[in-house]
1. Modelled label-to-label distance, residue A:289 and residue A:335, 7 Å Cα→beta-carbon offset: nm?
2. In nm to one decimal, list the spacings between the residue B:64 label point and its equivalents in the other copies, with label points set 7 Å along Cα to Cβ, shortest first.
3. I want to verify a result. In a Gaussian network model of chain A, Cα cutoff 10 Å, which of these has the top mean-square fluctuation: A:42, A:137, A:331?
4. From the label point of residue B:19, set 7 Å from Cα along Cα→Cβ, how far away are the matching label points in the other copies, in nm, ordered shortest to longest?
5. Would you mind checking which residues have amide H under 5 Å from residue B:325's amide H? H placed 1.01 Å from N; only 5 or more apart, or other chain.
6. Report the Cα centroid-to-centroid distance between the stretch A:70-126 and the stretch A:18-69 in angstrom, as an integer.
7. From the alpha carbon gyration tensor of the stretch B:81-216, can you work out the equivalent ellipsoid semi-axes (sqrt of 5 times each eigenvalue) and give them in Å, largest to smallest?
8. So if I average 1/r over every pair of distinct C-alpha atoms in the protein assembly as shown and take the inverse, what Kirkwood radius in Å does that give?
There are 2 protein chains.
Amino acid sequence: MNPPPSGADTGPRPKRRPTMVDVAREAGVALRTVSRVVNDDPTVGETNAAKVRSAITALNYRPDERARQLRLGATGTIGAAVRRIAETNPALAAIEHIARASGLTLLAASTDFDEAREHEILISMCRQRLEGIIVEPIGENHGYLQPELEAGMPIVAMDRPMTGISADCVMTDNAAGIGTAFHHLHQHGHRRIAYIGDSEHIYSGRERANAFRACLTGHGQALDNLVHTGDITAHRIRTALETALHGPEPATALVTGNMETTITVLRQLDPEQASRLAIVGFDDIPLADLLQPALTVIAQNTTTIGRTAVEHLQARITNPDRPIQTTIIAPNLITRGSGEIPA
Amino acid sequence: MNPPPSGADTGPRPKRRPTMVDVAREAGVALRTVSRVVNDDPTVGETNAAKVRSAITALNYRPDERARQLRLGATGTIGAAVRRIAETNPALAAIEHIARASGLTLLAASTDFDEAREHEILISMCRQRLEGIIVEPIGENHGYLQPELEAGMPIVAMDRPMTGISADCVMTDNAAGIGTAFHHLHQHGHRRIAYIGDSEHIYSGRERANAFRACLTGHGQALDNLVHTGDITAHRIRTALETALHGPEPATALVTGNMETTITVLRQLDPEQASRLAIVGFDDIPLADLLQPALTVIAQNTTTIGRTAVEHLQARITNPDRPIQTTIIAPNLITRGSGEIPA
DNA sequence: CTGAAAGCGCTAACAC
DNA sequence: GTGTTAGCGCTTTCAG
């Protein structure tokens, strides 16, 4: 009913943001000149530059990055599809630092361990024409990315390889890590060493379990009741622990296959047990040094992994035809106490 | 020197991705028809739709989301400028979930506790015309955002308020949390309770220290040597602990002002000390239950905070003129053992 | 040093 | 149902 407040064109400011054309009109110069000022092109007369700048502040003008990118053809952004953003992930932290140092923006999203979600995120990133994508693969079939690779979208896998397509990959040397853990416990006198790990449906779960089996047979041992894999639930872990620790030949040492397994195991152990059972966990854990005993771990070189992933991505952006590379990075043993408990 | 391989237009495929025009040509239909098919517009004949679809797969066409957004005027993306991506941050996790559920993409970046970096990220997000921004403020002066707010960019602060401008904000009730911690220890018989916290240059550090002082004076106590604030370094924490625990009237209980302080304190305590000193930490800590004694904490309702931040953002996107709101969310006491040690 | 005009890839009036 | 056409806001030849 009510008309806008009197004063024809001083009413409620229209919500449309001013564009470069508006600035040009306000400054009384050509569009081209505004563009030059905005992009710090030195070939602009000081008087005009000043007029443009004051028009910019007067109108509250901000360049639209989307239009710029559309015209330029490049987004200056790389994507990271990780399993969990917002959770400790030193590799992602490294990726962010390096991307920033290279002048790239990072668009990060969580796949949340969900294959459909991963698919959605990756396709969306492709449609946004990101310069490249780093992904911690989840799904069992990434064939749908084949067209994207062919169209020249650089994609690098981190932590596990892709399935069904061949792409660059950076990951930890799982077998070496398990070997180091086993060897360490063996050197401390343990002859019955058990392994509890993640499901063998998952690539790293499979790799690590197999590596552990190889350690056992390499030492002429049978696998009997020493290797326990599956989903990580309190119930399954408890059963595995009972089998391993209470048989006729109880294990005196334990290798846990990833961070989540390690934590679940520790929650099942009472302090007295924890002080007698030697444990080496795969993956470092925040606050591992504050536990009693402090936790000995196989720590992935997460920073190196993240850095290498960005480097591979940049190399492929520069040269799309380079051969596909897989880089395996050795983890480190960090001794803190739990792995040095004698047999 | 060498000409491209013979066969004029079958040479190495040009890197340019096909556009809608290419698809239209290939399918022998108009651009508009392709657009309709891509956007699932039902008003397309089945024969044409089929032709378009096969042209799309033949050419390996993917729509360019940037052009689409430029034309549509909306990005469907919100930004989160947090202190540390890739570190445990349940609020960020909540933001991501809700954003996704609302069909919004989340662009996350780390300010890394760096004021200049924060400035850069926020301005960049504004230039990208994100639908809105959630920020964990770092800097001491956010006046540079005033023009953005005026231009209608929705910005919500999380965890601390902005300085120098007024914007929506969601944060924890710091005073209530400190009060709860103090009261809990007091109820367990402690009469000398010390506080060690972050620098009072930081908003939450200041709020919590002041709240603790209010608790002391409210109980008729002097502040003498009981409140220690400053940067979180091992050296400063050690000094603070010595002053608090070894004076003529040693404290029997301790409130630590944030997660980092708590961890640094725990690293300074030998197990014997830890078993006698009552501690309540502000902020929950992963694995707090595995420590000995398990750590009693004031846990922020991080999920609620994240959810509320997105809700405020969406409300402001919908109605830019709504009054500015600050929401304070009470934290919870989680008793695990360390806070229930008697005096 | 500056300005007019074309076009990045897409959507949406508006004809037919 | 389908095609024509004019932009979204920017950069950039190419003339002045």
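1. 1.7 nm
2. 1.5
3. Judging by the Gaussian network model, the answer is A:42.
4. Going from nearest to farthest copy, the values are 1.7 nm.
5. B:168, B:169
6. Spelled out, the Cα-based centre of one part sits 32 Å from the other.
7. On the way: eigenvalues 217, 59, 32 Å².
In descending order the semi-axes read 33, 17, 13 Å.
8. Details: mean 1/r = 0.0348 Å⁻¹.
Computed over Cα pairs of the protein assembly as shown, the Kirkwood hydrodynamic radius comes out at 28.7 Å.
Quick note: the coordinates plus some simple rules give every number you see, no bench work behind them. Bear in mind the structure is a predicted one, so any value in this text is a computation, not a measurement. All Cβ positions, even for glycine, are placed from backbone atoms using ideal geometry, and neighbour counts span all protein chains on display.
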